[in-house]
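Down below is the structure, laid out as structure tokens.
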Amino acid sequence: MASPVGISQRPRLQFSQSFRTQATQDALAEDTPLARNTSNEQGLQLPESATAIAAKLEGTVEKPSHELNPLSEDNLQHRLNASGSVQAIAIDDDVLFAGLQGGDIVAWSLETYEQLARIKAHHQSVLGLSLSEDRKLLFSSGVDSVVNIWDSSSLQRLYSLHSPFEVGDIFCVAYSPQLKTVFSGAQNSSIQWQQLLAPTINGHGDTGLSSSRRHRFFDSLGPGGVQTSHSNGADGLVRASGGQVLTISPNCYKAYAHKSYIYSMILAKGILEDQSDQEILITADGKGTIKLWRTGALRDDGLQLFFKLKSRGSSILNLVYKAPFLYAGSSNGQAHIYNLISQQLVQKLDVCGTGIAQIQCFDGAVFCGANSGSVTRIDNRYAHAGSWQAHRGKILASAVAKVGSRELLVTGGNDNSIAFWNIADDRSRARTQMNTNDELFSSLRQFVSYRTVADKPACVGDCHEAANFLRKLCNAFGAQTSLISPHDDLNPLLLAKFQASLHPQRKKTLLFYGHYDVVDAEDTKDGHQRWSADPFSLHPLNGYLYGRGVTDNKGPILAALYAVTELVENDALACNVIFLIEGDEEAGSRGFVQAVQQHKSEIGHIDYILLSNSYWLDDHVPCLTFGMRGVVHANIEITSGKPDQHSGMDGKALQHEPLKDLTVLLASLIGSSGMDIRIPNFYDTVDPLQPSELRAYKGIATSLMAGHPEIKNEDAFTQSLMQRWREPNLTVHTITVPETKTAVTIASRAKATLSVRIVPSQKADAIASSLQTSLEQHFEALQSRNSIQVNITAKADPWLGRVHCEIYEELREAIIEAWSFDESSQRQFVGSQEPSSPIISPHLRARGRRASALSSAGTFTAASTPHEPLFIREGGSIPAISFLEREFNAPAAMFPMGQASDNAHLDNERMRVENLYKGRDVLRMLFSRLGTSTNFNLRNRASTITI
């Protein structure tokens, strides 16, 4: 069996001395049926794999090295930060539940890793979590000696079970659906059980038993070696209430069931040949004893022990059963494997040098989580298949699950984190469909790893590799592809064509534009890291994906590509989709215009143009962008043609100095207040504000105010939007002079860089020409002996989309469908929700302005977030959009996929997993519908857009 990517290969494990001799007799020395039937010499048949291994036990096998990789990222699917040590984990179909130090239960989505709810479940730490077989009930136990039963769909408490005795910490809990009975194992070595009747959610109050009482002598460390906290949790956290508070009957109590703490408990079927359907309770303790109990006569005889296993010198910390084998993780670093049908110890595996706190089985493989934070994989022949460092601390909880197409091992530790590991082998991965979100994630991880900085010669190779990576991906998905070279020293453009599968009367063709180059992610001048982690590795954390280019623009490109692929695979692509992906956008789209014009016939006829290279106004309400300002970038340089001079020796009242002249010129552009652009005829073509446009801006402000209490004044916020979106602006970015030796130097030259943001209906060429002419005329009027040079370094026309066209209406409807809150299909958790961590490290903040000044937290809930996307404009500029619209005479649309807090171009750039996946859903719906309507205009659907 192949090991996951990045897992180090290890030699085969050393097994303990032959289980056919004294080791087995010692382990099974108790007088039980199993102890009397253990020797292989007695003719009991071992499993084939165990027989093959047994033949090698006569010789000496070299003990494997336990050196580990650094904290692994290669097979890491995601990591979540928790507010305390993760003591227990349970996995539902689409939700992960975690029990934390301090008493909280937190629920996370298994699809998007968003926190769904958090509730104060116990007065002290949660130690055990378990789900019923039908996943409807969640059971929790804790340091407070209480067992709680919850509705897993809402986290409403149904029961709270209290013991009539001082049992101490309750480490484990299990539920029998046959008996409708919950079992629990405690610190005082007792087992308790309680049959559950029909619950009453709004049951009676406390019965008088205090769930926060202090134990007289049970105050030791749990199996993870961590002193449990007695905190009552943060203020405002929802606390458990309601349900029936029950006191367990003394008749449902097995005192001294073990001689030590009961750390693990499971229920299993098929062990008794004559009663294969009867559930057997299996328990393990701190002295290495495992006991099997009959549960068939609880009412009359209670629990009946029918055999036990003994492992001397170690505690059994965790059990898992996969018929017919019972796997036990011990504190001495061994994994014990028993065949419960033949009643044999099959193997003792030396897994690690520290205790095995967790053990799980999946698809024939065994995964052992150690106190050192490592995970060891053992294959179905009991051979070591790799180890990796999963946590920076002890592993305290684990679970395995198949979630959609994913095969996951989930681990939790006392480093306050939960990690999701891809444990699929090569065969499983080969069976995985190419168009799943997991494959999208995997492709994005590869895509981000290319350092595609267009203006860095050292990154040329990565840029070309990224273009080839995209091309191979498109080829694999059935596209016709080619690479277009704008120039020998420029990065290639990718052209990929997907043909429509459906056959409407007239197929529409959509051009999707994007760019695979990124801005660099450099350290500070003094060598300090700006990023919390390697920017060119994808880091999944707390529902977000961190990495340079993940939101600008590599994530949206792949979301669009996988949306098309899904439709192609299902013969549901309604329109032709052409991808045109350039590699020099961040460097000013060098050569892009010429390359498109030269290959226009190859690109073909275009009906619509689509970009996904902008962001929402906040982190909650989806948007559609229909306008962007244009820009003219310029440099102004004044030179004297002389060396630097001394202001005392050479300065004259009537002398023109370069920096003085530059200051006068800049003042001539913005006036004495700095608020007015003085370029001649500059405002002549600015469109006047119409009442309908003002109403639209006010509508945006009204929609956002409901979830953003920081918006104090609707009119002021509306004015702020208009000033950034529909009004022009001139910014002086830098003024530089040669490095001066003293504070009295007259610089020989001075340089300023500036930009002019322009709006419809201004033209970049006309504004650039007027700017240059105005500067030169003002300089000439100075009659200075210095010289001037004005360079227009870049320019782009403004863009205003046609919102009353089919593509915008289809996008609008798709966004509503993807993002609307459906109460009938959503769990209604009662627990509080908290925003995810904004960046990887709380100590490293992005140095720059976010896409919006609005708070990323907000007060919107899933149900209160507006369903309609906001139609917005932006103050930034994308040169390609207006050019493509003119060149192909086709309307363009902008679909923002990311949130305002994505930090594009800044440190710790990120994209929320939910935005990436729902962005893909929106584009899938668009590509499956565009052009299928027989008469779009007659339907008058665009009338719903009020811009």
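A short reminder: the numbers here are calculations on the coordinates, not readings from a lab. Remember, predicted model here, so these are calculated numbers, not experimental data. Glycine gets a Cβ as well: all are built from the backbone with ideal geometry, and neighbour counts include every protein chain shown.
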- Given a Förster radius of 30 Å and the C-beta distance between ASP301 and SER276 as r, what FRET efficiency does 1/(1 + (r/R0)^6) yield to the nearest 0.05? 0.90
- Could you order peptides 703-709, 917-923, 632-638 by the average number of other Cβ atoms within 10 Å of their residues, highest first? 917-923, 632-638, 703-709
- Would you mind getting me the FRET efficiency between ASP93 and VAL664? Use the beta-carbon distance for r and R0 = 51 Å, nearest 0.05. 0.10
- Note on the structure: Note: ASN570 to ASN380 extended length (0.36 nm per residue) minus current alpha-carbon separation gives 64.8 nm
- Kirkwood-based Rg/Rh on the Cα set of the range 321-400 evaluates to 0.95
- Can you tell me how much longer the chain between ILE792 and MET722 gets when fully stretched, taken as 0.36 nm per residue apart minus their C-alpha distance, in nm with one decimal? 22.5 nm
- Message: Give me the extension gain from LYS322 to GLN389: residue separation times 0.36 nm, minus the current Cα-Cα distance, reported in nm with one decimal.
- Response: 21.6 nm
- Message: Quick check for me: using +1 on Lys/Arg Cβ and -1 on Asp/Glu Cβ, what's the dipole size of the range 706-780 about its Cα centre, in debye to the nearest 20?
- Response: 220 debye
- Query: Say each of HIS867 and PHE821 gets a label point 7 Å from the Cα, pointing the same way as Cα to Cβ; how far apart are those two points in nm?
  - Reply: 1.2 nm
- Item | Subset of LYS308/LYS348; LYS348/LYS402; LYS259/LYS308 violating a 23 Å alpha-carbon distance limit | LYS348/LYS402
- 1/(1 + (r/R0)^6) with r = Cβ-Cβ of ASP684 and ARG802, R0 = 22 Å, i.e. FRET efficiency to nearest 0.05, evaluates to 0.35
- Query: Between GLU887 and ASP534, what is the spin-label point distance in nm, taking each point 7 Å from the Cα along the Cα→C-beta axis?
  - Reply: 3.6 nm
- Task: List the residues of the range 748-762 whose backbone N lies under 20 Å from a point placed 7 Å from the Cα of VAL732 along the Cα-to-Cβ direction.
- Result: 748-758
- Task: Taking amide H positions as placed in the peptide plane 1.01 Å from N, state which residues far from ALA385 in sequence (5 or more) or on other chains have amide H under 5 Å from it.
- Result: ARG377, ILE378, ASP379
- Sort the following peptides by mean Cβ neighbour count (other Cβ atoms within 10 Å, averaged over residues), highest first: 695-702, 903-910. 903-910, 695-702
- Task: Over 26 Å between C-alpha atoms is what I'm after, so list which of LYS508/LYS698; LYS751/LYS795; LYS472/LYS600; LYS136/LYS310 land there.
- Result: LYS508/LYS698; LYS136/LYS310
